[in-house]
1. Taking L278 as the residue in question, decide whether it is within 15 Å of ligand 1 (Cβ to nearest atom), assigned to a strand (DSSP E or B) and touching a helix residue (DSSP H, G or I) at 6+ places or on another chain (Cβ under 7 Å).
2. Of all residues in segment 50-71 being of a type in the set (F, W, Y) and more than 19 Å from I96 (Cβ to Cβ), which is modelled with the highest pLDDT?
3. S291 is checked against (1) closer than 24 Å to S130 by Cβ; (2) more than 16 Å from ligand 2 (Cβ to nearest atom); (3) crowded, with 21+ Cβ neighbours inside 10 Å and fails just one. What number does that condition carry?
4. Of all residues in segment 142-177, count the ones that are charged (D, E, K, R) and without any contact (Cβ under 8 Å) to a residue 24 or more places away in the chain.
5. Determine which member of the set R120, R151, R105 is closer than 18 Å to S12 by Cβ and within 16 Å of ligand 2 (Cβ to nearest atom).
6. All but one of (1) aliphatic (A, V, I, L, M); (2) out of contact with any Asp or Glu (no Cβ under 8 Å at 6 or more places or on another chain); (3) within 26 Å of T178 (Cβ to Cβ); (4) surrounded by fewer than 22 Cβ atoms within 10 Å (Cβ to Cβ) hold for V331; state the number of the condition that does not hold.
7. Restricted to segment 281-293, and to residues that are more than 9 Å from ligand 1 (Cβ to nearest atom) and not charged (D, E, K, R), which residue is farthest from V233 (Cα to Cα)?
8. Is there a residue being assigned by TED's automatic domain parsing to the domain that holds L14, within 13 Å of ligand 2 (Cβ to nearest atom) and under 18 Å from A36 (Cβ atoms) anywhere in segment 79-95?
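The values are calculated or read from the model by the stated rules, or taken from the named source; none is laboratory data. Source: prediction; values computed, not measured. Cβ placement follows ideal geometry from the backbone for every residue including glycine, while neighbour counts extend to all protein chains displayed.
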Amino acid sequence: MLNNIMTEGECSKLRSLIHHANNIVLCCHVSPDGDAIGSVLGMAEVLKCMGKEPVMVVPDQFPDYLQWLPNTEKIVRYDKRSDYVDMVLKIADLVICLDFNALSRTDDMEAALEACTAPRVLIDHHLNPSIACQVCVSHPNMSSASELVFRVAWQLGLFEQLGRHFATAVYCGMMTDTGGFTFNSNSPETFYIISQLLTKHINKDKIYRNVYHNYSESRLRLVGHVLCNRLVVDAKRHAAYYTLTREDQKNFNFIKGDAEGIVNMPLQIKGLRLSISLREDTEKPNLVMVSLRSVDDFPCNLMAADFFNGGGHLNASGGKLHCTIEEAVKVVERAFLAYEDKLK
Ligand code: 5GP
Ligand code: MN
């Protein structure tokens with residue numbers, strides 16, 4: 001059985017907030033990943049089950065490899081339809097924030113969320129939540145926000161009524177945030193949840209293929225190019241980084257989502273503990289997107305906060321630098337040096 005993630009008080013507060021709301025907005029962080037989209041779609045199913053019709057809002061584009069998920073066509077992008085979202089937020093009487101811990105993680109949508117006076121609920125697994133809310137379901141030790149959505153549904157007593165769309169979204173979110181259950185997924189309860197999801201007749205092997213075997217030929221060749229020509233391994237410090245320039249992205253027909261997973265690959269090298277990706281933004285000049293991945297106890301989130309204006313989880317973090325790619329490389333070198341002892 002599962003341990004509860006909300007107190008009795010929180011659970012009834014949540015139930016009552018939902019019960020009394022007519023205009024519910026679900027939202028997630030910028031550059032939504034599988035967990036962001038999975039938790040939004042999963043929570044939408046929970047709300048539908050309670051007789052509500054929530055509006056799902058995301059700050060910007062999400063990757064093609066998530067478009068197959070049922071109901072993604074109903075998700076509204078703030079960067080495309082800000083007037084509509086502003087209107088929806090104006091009349092909202094409940095906002096549920098999924099998979100992020102600070103309003104700034106919604107980038108251009110931040111001001112609109114800040115201005116919205118509706119009560120908020122947070123369902124998230126990042127450290128140090130800073131979003132003022134009526135109910136805060138924050139559990140940094142959990143695999144994913146999608147797992148939390150499952151547990152919320154479970155605790156509300158709704159799981160029996162939920163169907164395949166719910167299970168597909170939640171499974172997809174849990175799978176992507178754990179790298180196909182290869183990290184952050186040692187809890188027996190995680191696998192109990194999976195066993196329950198399977199009772200809804202999801203095809204977990206197909207979900208895996210839909211997400212991970214859904215790239216273009218040019219993306220696979222981009223991986224080859226990065227590993228051959230761009231990867232720099234600092235074997236002494238057990239760390240590696242690579243750059244992905246604007247030109248590389250153009251040459252290999254880069255689309256959103258194509259960078260996914262590449263940053264994990266250097267960790268296949270024996271003894272390596274840290275891998276960093278530096279990707280030039282394709283639109284804004286002098287913006288470098290940073291991704292960090294580590295193994296064991298190396299704190300990516302501390303390094304991301306110290307050097308890359310970011311944060312995240314212990315083993316998976318991100319951030320950004322407002323400089324050229326050459327200057328970004330220098331920052332990485334300084335970060336490796338500063339964390340030399342922790343990399344041992
Ligand atoms: P990714 O490398 O996939 O972009 O990000 C990995 C994780 O790092 C995300 O799930 C998120 O938790 C965190 N993250 C990414 N970018 C940022 C950022 O700019 N600020 C913070 N605080 N966390 C980030
Ligand atoms: Mn997540």
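1. Yes; evaluated as a whole, the condition is true for this residue.
2. W68
3. Checking S291 against (1) closer than 24 Å to S130 by Cβ; (2) more than 16 Å from ligand 2 (Cβ to nearest atom); (3) crowded, with 21+ Cβ neighbours inside 10 Å, the one that fails is (2).
4. 1
5. Every option except R151 fails the conditions.
6. (3)
7. Selected residue: P285.
8. no
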